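We did not get these values from a lab; they are worked out from the coordinates using the rules stated. Please read these numbers as outputs of a predicted model, since none were measured by experiment. Note: ideal-geometry Cβ built from the backbone for every residue, glycine included; neighbour counts use all protein chains shown.
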Amino acid sequence: MFCLCSNKSFDEIFELQQRHPVSTEEMIAKYTDCLVGCGSCISALKAEAEFRELIPQPVTAL
Ligand code: FES
């Protein structure tokens with residue numbers, strides 16, 4: 001898939017996320033222009049990032 005507003009493919013966005021993993025919201029804010037764009041790809045971007053397990057999980061107390 002491709003984000004027209006960011007002019008990046010999802011693979012390009014996920015490559016940045018793999019290099020420097022951040023939360024979903026930070027990924028959208030730092031690695032895309034979705035927040036100033038149409039926003040139409042955000043749900044697909046989030047879903048695919050979670051499916052690929054690219055979102056760091058918070059450390060839970062033992
Ligand atoms: S296509 Fe991704 S925010 Fe518009």
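If I take R0 = 22 Å and measure r between the Cβ atoms of residue 18 and residue 44 in this structure, what FRET efficiency does the formula 1/(1 + (r/R0)^6) give, to the nearest 0.05?
On the way: r = 18 Å, r/R0 = 0.82.
About 0.75, to the nearest 0.05.
Let me know the charge dipole size of the chain about its Cα centre in debye, to the nearest 20, where only the beta-carbon of Lys, Arg (+1) and Asp, Glu (-1) is charged. It would help to have the intermediate numbers written out before the result.
On the way: 5 positive and 9 negative charges, 12 e Å.
Dipole about the Cα centre, nearest 20: 60 debye.
Taking the Cα-to-Cβ direction at residue 51 and at residue 2 and moving 7 Å from each Cα, how far apart do the two end points lie in nm?
The two pseudo-label positions are separated by 1.9 nm.
Relative contact order, percent, of the chain when contacts are C-alpha pairs under 8 Å separated by at least 6 residues? Mind showing how you got there, number by number?
On the way: 46 pairs, mean separation 21.6, N = 62.
Worked out over the chain, it gives 35 percent.
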